[in-house]
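Participant: Okay, here's the structure, questions in a sec.
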Amino acid sequence: MISFEDVEYVYPSGVKALDGVSLKIEKGEIVALMGENGSGKTTLLKHLNGLLKPTRGRVVVDGVDTRSATIAELARRVGLVFQNAESMFFSSTVWEEVAFALRNFGYDEMIVRRRVEWALNFMELGDYAESSPFLLSGGEKKRLALAIILAWSPEVIALDEPTTGQDQLQKEKLMQMIRLLKEQGRTIIASTHDVEFVAQLKPRIIVMRRGKVIADGGAEEILLNEDLLRSCNLLPPQIASLTRELGFIGIKPSLKHPREVAKELLDALSRIMRGG
Amino acid sequence: MLGTDRREAGGEAEGAPAIIHVENLSFRYYGSEQYALRDVNLVVRRGEFVVLAGRSGCGKTTLLRCLNGLIPNFYEGEMLGRVLVDGMDTRYTPTHILSQAAGMVFQNPDNQLFALSVEADIAFPLENLGFPREIILERINWALKALKIEDLRYRSPFELSGGQKQKVAIASVLAMKPKILLLDEPTSSLDPVSARNLIESIVELNKREGLTIIISEHRLEHLLPHADRLIVMDRGMIVRDGDPRKILRDEDLLVYGVAPPKVSEVARCVNAHRGCLKFEEIPLTVHEFVEKVRRLIG
Ligand SMILES: Nc1ncnc2c1ncn2[C@@H]1O[C@H](COP(=O)(O)OP(=O)(O)OP(=O)(O)O)[C@@H](O)[C@H]1O
Ligand SMILES: Nc1ncnc2c1ncn2[C@@H]1O[C@H](COP(=O)(O)OP(=O)(O)O)[C@@H](O)[C@H]1O
Ligand SMILES: [Mg+2]
Ligand SMILES: [Mg+2]
């Protein structure tokens, strides 16, 4: 669905933000992009919808080379939620903001209405339909940006730090949304610093450092690799640290649910106390 | 009072004088029907480290805006009750005076940066306050170092990544060394190590210089171990206020959108089993958890 072939990107100011990135993402995959501040995540995401074009190499999305496609063409296939959600808004009401893209793509007004309503309710923004997008709280702005993408459901969905400003219940909802979109065959790429969120979602993880991809693998493979994490300003999820520290009673490092870890711990302890 | 360390003195900021009084505060933004704050009462003592949590939209930012005077001086609306910050009534004190007492790091750093270079952005408010050149340079160096962004010094703030911008915004407020530091979800765009470093810098300021800290956050695992006090808000009201360990031990805060550190969650699950291990005090760190297990098996 998506391929980056030896992509380099140098900002006009001279900063090299991507430095030979090659990767492939299949249709229906969920990918988390992780790595320290300034490592190139946002720059990479902006290449998906043609907002930025590689200064070397090429990016192909759904068979289209982004250099030869117009932004309008790419916008049909790729939806990007910005890190700073507010910079996407221009409408006077929350409702209009979500409806805009749908109308633009020529959907029937009935369908527009249904979809907008559904997306706003899913993101718990129903009460704000008539409010100005600019007066929402920080987390609500992010959810509005997500609602826009949800209503429109493009083939490729790029989310730049979708969990910022979200409380735990909304993060769980967001996970539900991501899984739902995957079920519908959508491809989802999300940059995030939220290791606890990633540990729960367990997507494929691509790790970046100084414009390069330095690791690419499953959630366990990456999040239990402490040396790798340390080398790119990441910290292990707390469950990974806890289970590792409990190694002395025979517990293996894992990303298991707290309930399972508690059970494992009690089993190990009762074995030790019986044996000793 | 600079230089007091309440932890070494053997306790919380309990005996310290109050620096913030919030009395029967309600606020409704102009044009909205709902109150964003409803009858909030709060006393914060000098040197306290307070964590503010709750669902997105519950009123955290609004409360912080009331503490640095943006409400009611900048945001229009209906305000009931009163707020005293370092003895000043926010209704009758200009925001540039209040902001020297209570410095605020905003949720969105784009609203805070404006100068041509990172250095100039940090220097600007200090120059405005008439600090001498050497002090300004000293403060800039210190703030850049605290956030480990020395390499961004001469960059334009507008050409930085989201997390880098957030670090600059924090540095420019830290450099002012206000008595009260208000931070609105400051780690939300920071990578995990930067987030931990920031928290360590804040803890340091709190301990060494007795700064009063009020910080709203969703990612609590690195923060709660340092907090004297956890305040949970819901629909504009304060619904919990106290020692984080006690609050986490007594109930599940998920209905308020608050995710306890995972180790606390494991400890609660362990307690629910009524097996050979019981946590009287809910651990907030991996270390506390593992120590308890070690003590049990001897
Ligand atoms: N508009 C711009 N002009 C010049 N340089 C930029 C611009 N935007 C970003 N950069 C630089 O490019 C590099 C990569 O930035 P990018 O925004 O892609 O990082 P990121 O991984 O998304 O970081 P964060 O986690 O902080 O959001 C950084 O060195 C950054 O300072
Ligand atoms: N400038 C504003 N004008 C009108 N309503 C606002 C404004 N800022 C926030 N609100 C509303 O006030 C409520 C509380 O928001 P906020 O304090 O930002 O929440 P939090 O910081 O806890 O996420 C929300 O319903 C939000 O939509
Ligand atoms: Mg970014
Ligand atoms: Mg807020």
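Every number here is computed from the coordinates shown, using simple stated rules; none is lab data. Predicted, not measured: the structure shown is a model, and the values here were computed from it. Positions of Cβ are generated from backbone atoms using ideal geometry, with glycine treated the same way; all protein chains shown enter the neighbour counts.
Participant: Could you please rank A:SER13, B:SER156, B:SER194, A:SER87, placing first whichever residue has the fewest other Cβ atoms within 10 Å of its Cβ? Don't skip to the end; give the middle numbers.
Facilitator: Values: A:SER13 9, B:SER156 15, B:SER194 22, A:SER87 12.
Lowest to highest Cβ neighbour count: A:SER13, A:SER87, B:SER156, B:SER194.
Participant: Moving to a separate point now. Using only the C-alpha atoms of the range B:115-177, find the volume of their convex hull and express it per residue in Å³.
Facilitator: 68
Participant: What is the pair-distance distribution P(r) of the range A:99-217, computed from all Cα-Cα distances in 10 Å bins starting at 0, with each bin given as a whole percent?
Facilitator: The distribution over the range A:99-217 is 12, 41, 33, 12, 2, given as percents.
Participant: In percent, what relative contact order does chain B have, based on Cα pairs under 8 Å that are 6 or more apart in sequence?
Facilitator: Relative contact order, chain B: 22 percent.
Participant: Treating only the Cα positions of chain B as identical point scatterers, give the base-10 log of I(q)/I(0) from the Debye formula at each q in 0.09, 0.10, 0.12 Å⁻¹.
Facilitator: With one equal scatterer per Cα and no solvent, log10 I(q)/I(0) is -0.47, -0.57, -0.82.
Participant: List the extent of the Cα atoms of the range A:1-109 along each of their three principal axes, largest first, rounded to whole Å.
Facilitator: For the range A:1-109, the Cα extents along the three principal axes come out at 44, 29, 27 Å.
Participant: Now, a different point. Mind sorting A:VAL10, A:VAL94, B:VAL263 by how few other Cβ atoms lie within 10 Å of their own Cβ, fewest first? Before the final figure, lay out each step's value.
Facilitator: Working: A:VAL10 15, A:VAL94 29, B:VAL263 26.
So the residues, fewest neighbours to most, are A:VAL10, B:VAL263, A:VAL94.
Participant: Would you please classify the overall shape of the range B:141-206 from the alpha carbon gyration tensor, given that a ≥ b ≥ c denote the square roots of the eigenvalues, rounded means a/c under 1.5, and beyond that prolate means a/b larger than b/c while oblate covers the rest? Walk me through the numbers on the way to the answer.
Facilitator: Numbers: a/c = 1.60, a/b = 1.31, b/c = 1.22.
Prolate is the answer for the range B:141-206, as a/c is 1.5 or above and a/b outweighs b/c.
Participant: For the range B:1-140, what is the convex hull (Cα atoms) projected area averaged across all directions, in square nanometres?
Facilitator: On the way: hull surface 42.4 nm².
Across all orientations, the range B:1-140 yields a mean hull projection of 10.6 nm².
Participant: While we're looking at this one, here's another question. Can you give the calculated 222 nm mean residue ellipticity of chain B, where each DSSP H run of n ≥ 4 adds -39,500 (n - 2.57) and the sum is split over every residue, rounded to the nearest 500 deg cm²/dmol? Don't jump to the answer; show the numbers that get you there.
Facilitator: On the way: 10 runs with 106 residues, N = 298.
Estimated from H runs of four or more residues: -10500 deg cm²/dmol.
Participant: With equal scatterers on the alpha carbons only and no solvent term, can you work out the Debye log10 of I(q)/I(0) for the range A:54-115 at 0.13, 0.21, 0.26, 0.30 1/Å?
Facilitator: Those come out to -0.49, -0.98, -1.14, -1.24, one per q.
Participant: Now a separate question. How large is the dipole of chain A about the Cα centre if only Lys and Arg carry +1 and Asp and Glu carry -1, each at its Cβ, rounded to the nearest 20 debye? If you can, show how the numbers build up before the last one.
Facilitator: On the way: 36 positive and 37 negative charges, 107 e Å.
So the dipole magnitude of chain A works out to roughly 520 debye.
Participant: Here's something else I'd like to know. Among A:VAL61, B:VAL203, B:ALA123, which residue has its Cα furthest toward the positive end of the charge dipole of the protein assembly as shown, with +1 on Lys/Arg Cβ and -1 on Asp/Glu Cβ?
Facilitator: Ranked along the dipole, the leading option is A:VAL61.
Participant: Then there is this: How big is the range B:156-289 on each of its three principal axes, counting only the C-alpha atoms and giving the largest first in Å?
Facilitator: Taking max minus min along each principal axis of the Cα atoms, the range B:156-289 gives 57, 33, 27 Å.
Participant: What list of whole percents do you get for P(r) of the protein assembly as shown, with Cα-Cα distances grouped in 10 Å bins up to the one holding the largest distance?
Facilitator: Answer for the protein assembly as shown: a P(r) of 3, 16, 26, 27, 18, 7, 1, 0 percent.
Participant: Let me ask another. For chain A, place one equal point scatterer on every Cα, skip the solvent, and apply the Debye formula. What is log10 of I(q)/I(0) at q = 0.09, 0.12 Å⁻¹?
Facilitator: So the normalised log intensities are -0.47, -0.79.
Participant: For the range A:237-276, take N as its residue count and report Rg(C-alpha) divided by 2.2 N^0.38 Å. Walk me through the intermediate numbers first.
Facilitator: On the way: Rg = 10.1 Å, N = 40, 2.2 N^0.38 = 8.9 Å.
My calculation over the Cα atoms of the range A:237-276 gives 1.13.
Participant: Arranged by the count of other C-beta atoms within 10 angstrom, fewest first, what order do A:MET273, B:MET104 take?
Facilitator: Numbers: A:MET273 12, B:MET104 24.
Least crowded to most crowded, the residues run A:MET273, B:MET104.
Participant: Identify all lysines with a Cα-Cα distance to A:LYS46 below 19 Å; exclude those on the same chain that are fewer than 8 residues away in sequence.
Facilitator: Counting by Cα, and skipping residues close in sequence, A:LYS46 has these lysines nearby: A:LYS16, A:LYS24, A:LYS27, A:LYS142, A:LYS212, B:LYS165.
Participant: Sorted from largest down, give the three principal axis spans of the alpha carbons of the range B:229-298, whole angstrom values.
Facilitator: Reported extents, whole Å, longest axis first: 47, 22, 16.
Participant: Give me Rg over Rh for the range A:20-173, both radii from the alpha carbons and Rh done the Kirkwood way, two decimal places. List each step's numbers first, then the result.
Facilitator: Numbers: Rg = 15.9 Å, Rh = 16.4 Å.
Computed over Cα atoms, the ratio is 0.97.
Participant: Relative contact order for the range A:59-203: what is it in percent, counting Cα pairs under 8 Å that are at least 6 residues apart? It would help to have the intermediate numbers written out before the result.
Facilitator: On the way: 170 pairs, mean separation 38.6, N = 145.
Reported relative contact order: 27 percent.
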